[in-house]
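Student: Have a look at the structure that comes next, please.
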Amino acid sequence: MDHASVSALEAFVQQFMEKEKVPGLSIGISQNGETIYQKGFGVTDLGTKQPVTPDTIFGIASVTKSFTAAAIMQLVAEGKLTVDDSIRSYLPDLRLKADIHTDNITIHHLLSHTSGVPPLLRREELTRLPEHIAYLNEAQFDPLGVPGEYISYSNDMFLLLGAIIERVTGQRYRTYVTERLLAPLEMNRSTFNLEEVARLSDVSVPYVKGEEQQLKKVPWPTLGNYEVGGGIRSCVVDLLKYGQLYINAGSYKEKQIADGASLRAM
């Protein structure tokens, strides 16, 4: 990147941080497989004023959903499922009370937020995926329409992909994603595990905006089953490695981690 581009980018970032009251962020840019820019801005903690670096760990929230989708596509490539399969094939214990037949909901509907299930009450205290199936079986709601008719962002339905991964592989969701994506991509500062985050250095402190845009320090959210759609904590250095997966047709450092055609189908 030339000096003028870098200056313009950094001026934009500073303006954004002031306007939105962002304590800290980091940016990484890759071109043709080479990292051409990486830099931390601001601080990880307004108390200690520790500067953000490209290695600073943040919650990546729903970017996690792309890891879950990539894990599903690995299983597609291995012939263990297809995205057009009914979720009933893998979750026979899921029986929604509402007038919506789980036979008609496919894995693709979960991936694309088109199951027809509206937003539901968030239940972060549920920490095992079978508990979430039990919750969904009891939930009262009116469907938005038949599966495939409407898009409506649904964390509660998306996390069923984690349950399908568990049923098909016999592994815990987070174990599978760690062993099949994070580890082979050498994403050594990326984890679902908050105990591991607590042991690492260079970790951001979460803040929420209160009244009059005041920032308030909060604990890391525990998420429970919602980790399937939002639980990875990572840094830009690691996320640039992850990005290579899509650019290089599923390979990383000459290791084939996922099938290129399956990733393109995502």
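Student: Under the condition of being of a type in the set (D, E, K, R) and modelled with pLDDT of 95 or more, which residue from the range 22-59 is farthest from the chain's Cα centre (by Cα)?
Tutor: Within the range 22-59, the match that is farthest from the chain's Cα centre (by Cα) is K49.
Student: Do you know which residues across the range 8-37 are touching a strand residue (DSSP E or B) at 6+ places or on another chain (Cβ under 7 Å) and either within 26 Å of K217 (Cβ to Cβ) or free of Cβ contacts under 8 Å to residues at least 24 places away in the same chain (or both)?
Tutor: Listed by number, the residues that qualify are V13, M17, K21, V22, P23, G24, L25, S26, I27, G28.
Student: Sticking with this one: If I ask for residues that are under 23 Å from T191 (Cβ atoms), polar (S, T, N, Q) and assigned to a helix (DSSP H, G or I), which ones from the range 222-266 would you list?
Tutor: N225, Q244
Student: If I164 passes every condition in (1) among the hydrophobic types (A, V, I, L, M, F, W, C); (2) in contact with a helix residue (DSSP H, G or I) (Cβ under 8 Å, 6 or more places away or on another chain); (3) outside the structural domain of H113 (by TED's automatic domain parsing) but one, which one does it miss?
Tutor: Checking I164 against (1) among the hydrophobic types (A, V, I, L, M, F, W, C); (2) in contact with a helix residue (DSSP H, G or I) (Cβ under 8 Å, 6 or more places away or on another chain); (3) outside the structural domain of H113 (by TED's automatic domain parsing), the one that fails is (3).
Student: Could you check the range 126-169 and list, in sequence order, the residues that are small (G, A, S) and under 21 Å from the mean Cα position of the chain (by Cα)?
Tutor: Across the range 126-169, the qualifying residues are S152, S154, G162, A163.
Student: Which pairs have Cβ atoms under 8 Å, sit 6 or more apart or on different chains, and link a residue in the range 130-141 that is under 11 Å from D93 (Cβ atoms) and not assigned by TED's automatic domain parsing to the domain that holds R172 to one that is part of a helix (DSSP H, G or I) and at pLDDT 95 or above?
Tutor: Close Cβ pairs (under 8 Å, with a partner that is part of a helix (DSSP H, G or I) and at pLDDT 95 or above) do not exist here.
Student: Go through the range 249-259 and give me each residue that's free of Cβ contacts under 8 Å to residues at least 12 places away in the same chain and surrounded by 13 or more Cβ atoms within 10 Å (Cβ to Cβ).
Tutor: S251, Q256
Student: With T127, T114 as the choices, which residue is crowded, with 20+ Cβ neighbours inside 10 Å, in a loop (DSSP other than H, G, I, E, B) and in contact with a helix residue (DSSP H, G or I) (Cβ under 9 Å, 6 or more places away or on another chain)?
Tutor: T114
Student: Which one of the conditions (1) in a loop (DSSP other than H, G, I, E, B); (2) of a type outside the set (V, I, T); (3) surrounded by 17 or more Cβ atoms within 10 Å (Cβ to Cβ) does G47 fail to meet, given that it meets all the rest?
Tutor: G47 satisfies all of (1) in a loop (DSSP other than H, G, I, E, B); (2) of a type outside the set (V, I, T); (3) surrounded by 17 or more Cβ atoms within 10 Å (Cβ to Cβ) except (3).
Student: Specify the residue that is surrounded by the fewest Cβ atoms within 10 Å (Cβ to Cβ); the eligible residues are those in the range 52-89 that are free of Cβ contacts under 8 Å to residues at least 24 places away in the same chain and not in a helix (DSSP H, G or I). Full working, then the answer.
Tutor: Start the filter on the range 52-89 by keeping residues that are free of Cβ contacts under 8 Å to residues at least 24 places away in the same chain, which leaves 78-79, 85-86, 88-89.
Add one more test, that the residue is not in a helix (DSSP H, G or I), and what stays is 78-79, 85-86.
Values: E78: 12, G79: 7, D85: 15, S86: 16.
If we take residues in the range 52-89 being free of Cβ contacts under 8 Å to residues at least 24 places away in the same chain and not in a helix (DSSP H, G or I), then G79 is surrounded by the fewest Cβ atoms within 10 Å (Cβ to Cβ).
Student: Do you know which residues across the range 185-203 are over 30 Å from Q256 (Cβ atoms) and basic (K, R)?
Tutor: Once the filter is applied, which keeps residues that are over 30 Å from Q256 (Cβ atoms) and basic (K, R), the range 185-203 yields only R199.
Student: Would it be correct to say that D45 is acidic (D, E) and in the same structural domain as P221 (by TED's automatic domain parsing)?
Tutor: On the way: acidic (D, E): yes; in the same structural domain as P221 (by TED's automatic domain parsing): no.
Spelling it out, it is not the case that D45 is acidic (D, E) and in the same structural domain as P221 (by TED's automatic domain parsing).
Student: Can you tell me which residue is farthest from T64 (Cα to Cα) among those in the range 167-216 that are of a type in the set (G, A, S) and in contact (Cβ under 8 Å) with a residue 12 or more places away in the chain?
Tutor: S204
Student: The conditions are (1) within 25 Å of L223 (Cβ to Cβ); (2) at pLDDT 95 or above, and L96 fails exactly one of them. Which is it?
Tutor: Here L96 meets the rest and fails (2).
The values are calculated or read from the model by the stated rules, or taken from the named source; none is laboratory data. Since the model is a prediction, treat every value here as computed from it, not as a measurement. Don't worry about glycine lacking a Cβ; one is built from the backbone with ideal geometry, like all the others, and counts go over all protein chains shown.
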